[in-house]
Amino acid sequence: MNAPLSAFPPATLAETSAAKVSSVLPKVRFSLRARGELIPLEQALGVALPRKIGETVKGAVEVACLGPDEWLVLAAEAAPVAGACAEVYAALPHSLVEISAREVTFVIEGTRAAELMTIGCARDIDALKVGSARRTLFDGATVTLWRDAEDRFRMDVWNSFAPHLLHLLQVGARELAAESV
Amino acid sequence: MQEIWGGLETTSQNKFPSLKFDIGAVNDGAYMLFSAGFYYKTFMWPRSFWDKVYEPFIRAAAGLGVSPTEEDPDSYASRNLHCDVLIVGAGPSGIAAARVAAEAGLKVVLVDENAEAGGTLLSEPQAQIDGAAAWDWLAAELAALKAAGVKVMTRTTAIGYYHQNLIGLCERLTDHLPNLPADTPRERLWRVRAKQVVLAQGALEKPLVFHGNDRPGVMLAGSAQTYLNRYGVLVGQRPVVLTSHDSAWYAAFDLSDAGAKVQAIADTRGSVNEELLAGARQRGIPVKLGRTATATKGRLRVSSIRLNPVSGGKVGSGEDIACDAVLMSGGWTPSLHLFSHTKGTLAWDDDRTTFLPERTPEDCVIAGASRGLWGIEAVLNDGAEKGREVVAALGKSAGAHAYGVAQDRPGTGVSHKELPTDRSAGKAKAFVDYQNDVTAKDLRLAVREGMRSIEHVKRYTTNGMATDQGKMSNINGLNIAADALGRKQPSVGLTTFRPPYTPTSFGAFAGYHRGGHFEVTRKTQIDLWAEEHGAVFEPVGQWRRAWYFPQAGEDMEAAVSRECKATRASVGIFDASTLGKIEVVGPDAVEFMNRMYTNPWTKLAPGRCRYGLLCGDDGFIRDDGVIGRMGQDKFHVTTTTGGAARVLNMMEDYLQTEWPDLNVWLTSTTEQWSTVALNGPNAAKLLAPLVEGVELTEEAFPHMSCVECSVAGMPARLFRVSFTGEIGFEVNVPAPMGRKLWEALWEAGQEFNITAYGTETMHVLRAEKGYIIVGQDTDGTVTPYDAGMGWSVGKAKPDFVGKRGLARPDLVAEGRKQLVGLLTEDGSKLEEGAQIVFDPKQAIPMTMVGHVTSSYHSDAAGRPIALALVQGGHGRMGETVHIPMPDRTIAAKITSTIFVDPENARLKI
C-alpha cells in the first residue's frame, strides 16, 4: 500500500557520452496551496516555505515554490505530512493534494545535460540556478524542472506525457553525442 | 547554396522540357504571346482547366522544381539558444562587432549562411587589414573570437526575425557531406532569443537590365570575382565587363591579373575615378565610358555583346564585341530583409537610388554594407562602432579600435532602370526577374494596364515572387515601374519582405515532430492491456482510447453490438481514466462550486455525488461530469476527456480574476487516478467481494454515492454512478495501479462473463438513456433548457456562471432548437449531422429546422435510435419530421430522449 508508485520503473533510459537519462523512484508528492500567514504550515512541515518562485528548501521535506500561493512538497511518506497539515487546517485553511501517482521523474545528467534541456525548453537554461525549480514547458508539455547541479536536472512529468518526452530526450542524447565538439 | 562533393547528383531547373530546348526559349519566335498578365488573362477559363491543365503546365514551364513523392529519409532537429548579442553575417562588419562584444565579456553568437565565415574578405584577398593580408587576418580573428567564447556558426541562415528579438536560424549540417554521420540531423532550427542583434548581412549585387542579359555567360561581376579568388575558377578567357558601379572594375582587374584577356570595360557612366582608368590602362584593357548594352549573341553561351555610346540621351550606333563572358554590375542593394521583418522603417536614398534602414522597434542595429556603406575599412569600423552601441545598450563598455585597410576598394556607382536601346524597346527581352522570366517591358505593360502600386505590379507580372523573393529584381523593377509612372520610387513603394529569408525546408520547421513524435499521444495505464486484447483505438483530444474490442471475425458493428448486449446482460468493464479530474479544496469550495456549476451544491452531503453542468457566461453548455463531495471542504470534480484542461483554465480564470476572495484551490488530478468503470446488473456482485470499507448495498451505498475505501487491496475512491442506466461503479486508484486493478476486476469478472467495451459502446449505452455528450449533442449554442436539463439549474441560487446569459431574450424565446429523440418510420439508421425539415414538399432550398446529433443501432431498443436538435422540439412530441437524404427522404417521429428503462429500475441493486 505504501510502495512507491511509478508508471516508469527505475531504469537507465538513455546513456551516451553527452548525457544519461534515467527514471527514478518517485517520492511522495503533494501540491500545497495556501496564502496569508504561513507559520502554522511551516511548523507542520518542519521547513520554512520559500516565498520566491523558483526557490527550493530541503529539510524534513523538500519544497519548491512554484507560484505565489503554490508549493510542491516532496516527502518520504504521505501520512505524516497529510496528518500534520490536517491539524493546522482550521488555523490556516489550505489545500494539500497528493499527486504522487500523477507523474514520473526523469533524471538528466552528464556533461551536456544542460544543452539537452535546450532541445525542448525555451527558457535560458544557463540562467537556472543550481538548487532551483520551476514549472515550465518541455516539448510542449508542462513539467517541473529542477536543477540539482550544474550538470544534473530532474524533470517531473505527467504519466501520459512521459513516453513522448522521453523519446525526445533519447534522440537528443544521441544527437549531442554525435556532435564533434 | 548547395556545396558540391564527389558523387553529388544535381539536376537543372528551368529547363522544360530539356536544358537545350527550354519552352521559354519559344521567345525566339513566339515570345510576343507571353506578355505580362498572360497567365491571368489566358488561363483563367474554363475554370475546370486550371488545376489539371494550366497550372501544371505553368509550373513545369516555370521550372518550379519537383516535389518529391517519397517520405523524407532525413531527420531534423531544433534547439533554443539565449545570448547577449546575436550577429547575423560574418563578414568584416559582423566580425568587428563580434570582437567588441566578446571583449566586453558578453555571450556572443556569430552566424553566416556560407560554409566559411569572412563574407567579402573571402573574395578580396588583396586587402591588408592592420598590416595583415585579409585571409591571415580573418583566420587570426576567427581563432581569437572562438577563444573568447564566441559561438561561430557557419552554414546557418537567419531566416526570420520575430517579435522581441526571437530570431530563427536554419543550420545545415549534412548536405555538404558525402557520408552521413549517425544520429545527425540534416538541418537544425535554432530559436535564438538575443538581448541585442547586429544585422550585418551585407549587400546584394544587382544585374543590369538589357536585351539578352539572360544568355548563359552573362553573370554578375561579383560572382566572377568570387569564382576566381575563392574557388580558383576563371569564368571566361575573354570577358567583357559592363557596369554602373566601381566594384566591377576590380573584378576586371582581378580576372586580367589571373590571365584573362578582358575585351573591354564598358561603364554606363560618362566619367569614372582616374584611379580606375589608370588600372585599366596599366593592364591594357580598353575602356568604353557612357555606354549602353543593346544585345548579346550566342546560343548556348554568349559570343558577343553589342555596345552603343549614349550621349545627351541619344543612343548611338552599336558595335559588337566578341567575348566569352559578360560580367555585369548594376550596383549593390543593401540587404534589408531581416531589418524589415522587425517592422523596421526604410528611407529612400535618392543619391544611391536605394532604400536604407531607418528605425526599428526591436533591440537591433544594422551595420556595414547592409546600411549602404562600401569598402572594407568603412564596414569594419562601422561594425566595431555598432558593436560598441550594443555593448553600451547592455550596460557594458568597450574600447575604440580604428581599423586601417590598405588595398581597399571603396567605390560608388549609379542605379538604372532598363538600359537605353536604339532598337525597339517593345521587343527587347531585358530580364528583371530571371527566375520568373519578367522583363522590363512586362513591367511597363503592367503600368499601362492600370497597375499603380508596386504591390499590384508585382502580382501582375510576378516580379520578385520567385524563390529569391526579389533579391535581384526588386530595385530594378521599382526603378522601371517608377519611371513608367513618372513618380519617385518611394511613392510607388517597396514590397514587403517576409520570412523566411531563403527557402527553408519543411523538415526544418517540423523538427522532431514527425512520425510517432508528431504530436503527443497520451495513453492510459490500461492502454497496453487493450492493445494486447485487440482493441481498435480512436483519438480523443490528445488521448488514444480503446474504441471497441473486436473478436475474431467481428466488424465494428458486430463488436459493439456484442459489447452492448453483454454489458446490459451481465457486466462490462470500461477504461474511464481519461476523464478530467480536478480536486477542489478549501473552506469556500462549496461556494465556488455553486458559482461555477448550474447545480446547487450546498445540500450535497459528503459521501454523495451529483451530475454537474457547466455553462459559459453566455448560458451555453460547456462541460459536464459527475462531482463527488469527498469531505465538507473537498470535491472530486470530473470533466469530459477533451475538456479537462479547458475547464481547469476556466475555473482558474474565474478564481483569479473574479473571486480572488474565495479560499479555495484547484489541483489537476486527471493523471493521479486510473479510473475503471463497471456497469451491468452484475456489477455490484462482482465488485462487492473486492471492496473493503463499504458494503455495496442499496442502503449503505445508494446510487450517486462516493467513498474512500480499498478495492482489491488498493487505496481507492469509489463512485456509484451510471452512464449506461445499469448498476454502475467507477473505481479510482492511484494511476500506476490502474492495470493491476483492471486485471483484478477482469479476473473476478470471469464468472460473470465480463466484457471489455470501448468508447463506441459507451456512446450507444448512454444514448439509449438520453445522456448527452457535450460537443456531440451540444455545439456551443445549446442551453441546459434546450438539452432538456432544466432540472440541473439551481434556480434559487443568487448567481452562477451563465445565469445572466440564460436570462437573455433570445435564450428564453420560443422555438429554440431543443434536444429530442427520433425514431425513423422505416426503421433505418439516420446519419449523424443530417438536416431536418418539417415539410418535405416545400421548395428547395428548404427551411432546415435542426439536425441529427447522435444516431446508433440499439439492440436494447430493438431498432435504430437518434438524438436531434429540433426547433421547438419539446413541444412537438409525437410529430413527424423529415430528413432529406441524397437518395430519399426519411420520416421520423419525435420522441423522448430516453429509449431504455425510463423508470430507472435497472439502477437498483
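Derivation of every value follows stated rules applied to the coordinates shown; laboratory data play no part. Note that the structure is predicted; figures quoted are calculated from it, not measured. Cβ coordinates were reconstructed from backbone atoms using ideal geometry, including for glycine residues, and neighbour counts include every protein chain displayed.
Here are some notes:
- Assuming charge only on the beta carbon of Lys and Arg (+1) and of Asp and Glu (-1), the dipole of the protein assembly as shown about its Cα centre is about 2640 debye to the nearest 20.
- Förster radius 56 Å - calculated FRET efficiency between B:Asp74 and B:Ala700, Cβ distance, rounded to 0.05: 0.30
- Top positive-direction residue, dipole computed over the stretch B:572-656 with Cβ charges, set B:Phe574, B:Asn594, B:Thr638: B:Phe574
- Of the residues B:Gly470, B:Gly259, B:Ala393, the one whose Cα sits farthest toward the positive end of the charge dipole of chain B, with +1 on the Cβ of Lys and Arg and -1 on the Cβ of Asp and Glu, is B:Gly259.
- CD proxy at 222 nm, helix term only [per DSSP H run n ≥ 4: -39500 (n - 2.57); per residue of chain B; nearest 500]: -6500 deg cm²/dmol
- Here r is the Cβ-Cβ distance between B:Phe506 and B:Glu751 and R0 is 56 Å; the resulting FRET efficiency, rounded to 0.05, is 0.50.
- The phi torsions of the stretch B:311-317, fed into the Karplus equation with coefficients 6.51, -1.76 and 1.60 and a -60° offset, translate into couplings of 8, x, x, 9, 8, x, 6 Hz, rounded to whole numbers, with Gly and Pro shown as x.
- Rounded to the nearest 10 degrees, the inclination of helix B:759-768 to the longest alpha-carbon principal axis of chain B is 50 degrees.
- Linear extension gain, B:Val540 paired with B:Lys841, 0.36 nm per residue minus alpha-carbon span: 104.4 nm
- Under a 5 Å amide H cut-off, with hydrogens placed 1.01 Å from N, B:Glu832 pairs with nothing among residues at least 5 apart or on other chains.
- When the stretch A:28-98 is reduced to its Cα atoms, the Kirkwood hydrodynamic radius in Å: 11.7 Å
- Descending by average beta-carbon neighbour count within 10 Å, the peptides B:477-483, B:894-900, A:65-71, A:169-175 line up as B:477-483, A:169-175, B:894-900, A:65-71, the highest first.
- A viscosity of 1.567 mPa s and a temperature of 4 °C, combined with the Kirkwood radius over C-alpha pairs in the Stokes-Einstein formula, give chain A a diffusion coefficient of 76 µm²/s.
- Backbone geometry of the stretch B:343-354 corresponds, through the Karplus equation with coefficients 6.51, -1.76 and 1.60 at θ = phi - 60°, to 3J(HN,Hα) couplings of 6, x, 8, 10, 10, 6, 9, 5, 4, 9, 6, 7 Hz, x marking Gly and Pro.
- Cβ-Cβ FRET estimate between B:Thr602 and B:Ser710, R0 fixed at 30 Å, reported to 0.05: 0.50
- Given their separation in residues at 0.36 nm each and the Cα-Cα distance between them, B:Ala645 and B:Asn273 gain 126.8 nm when the chain is fully extended.
- Peptide ranges B:539-547, B:104-112, B:653-661 listed from the most packed, as the mean C-beta count within 10 angstrom indicates: B:104-112, B:539-547, B:653-661
- Value of Rg/Rh across the protein assembly as shown [Cα atoms, Kirkwood radius]: 1.07
- Relative pair counts by distance (%), Cα atoms of chain B, 10 Å bins: 2, 10, 15, 15, 13, 12, 12, 11, 7, 3, 1, 0
- On Cα atoms only, tilt of B:134-147 relative to the major axis of chain B in degrees: 30 degrees
- Take every pair of alpha-carbon atoms less than 8 Å apart whose residues are at least six positions apart; their mean separation over the length of chain B yields a relative contact order of 9 percent.
- Spin-label proximity, B:Lys488 to the stretch B:451-465 - amide N less than 11 Å from point 7 Å beyond Cα toward beta carbon: none
- Helix B:644-657 vs. chain B, principal-axis angle (Cα, 0 to 90°, nearest 10): 80 degrees
- In this rough spin-label picture, where each label sits 7 Å from Cα along the Cβ direction, the B:Leu177-A:Ala90 distance is 7.0 nm.
- Distance between modelled label sites at B:Val66 and B:Leu8, nm, 7 Å Cα→Cβ extension: 2.0 nm
- For the stretch B:66-109, the list of GluC sites (Glu not before Pro) that fall in a loop by DSSP and count at most 16 other C-beta atoms within 10 angstrom reads B:Glu70, B:Glu71.
- Pair B:Glu358, B:Asp887: separation of 7 Å Cα→Cβ label points (nm): 6.7 nm
- Loop trypsin sites (Lys or Arg not before Pro), the stretch B:317-365 (other Cβ atoms within 10 Å of the site Cβ: 14 or fewer; DSSP): B:Lys343, B:Arg359
- Tail fraction, Cα-Cα pairs, the stretch B:300-369, threshold 18 Å, whole percent: 61 percent
- Coil-residue trypsin sites (Lys or Arg not before Pro) of the stretch B:128-217, DSSP, other Cβ within 10 Å capped at 13: none
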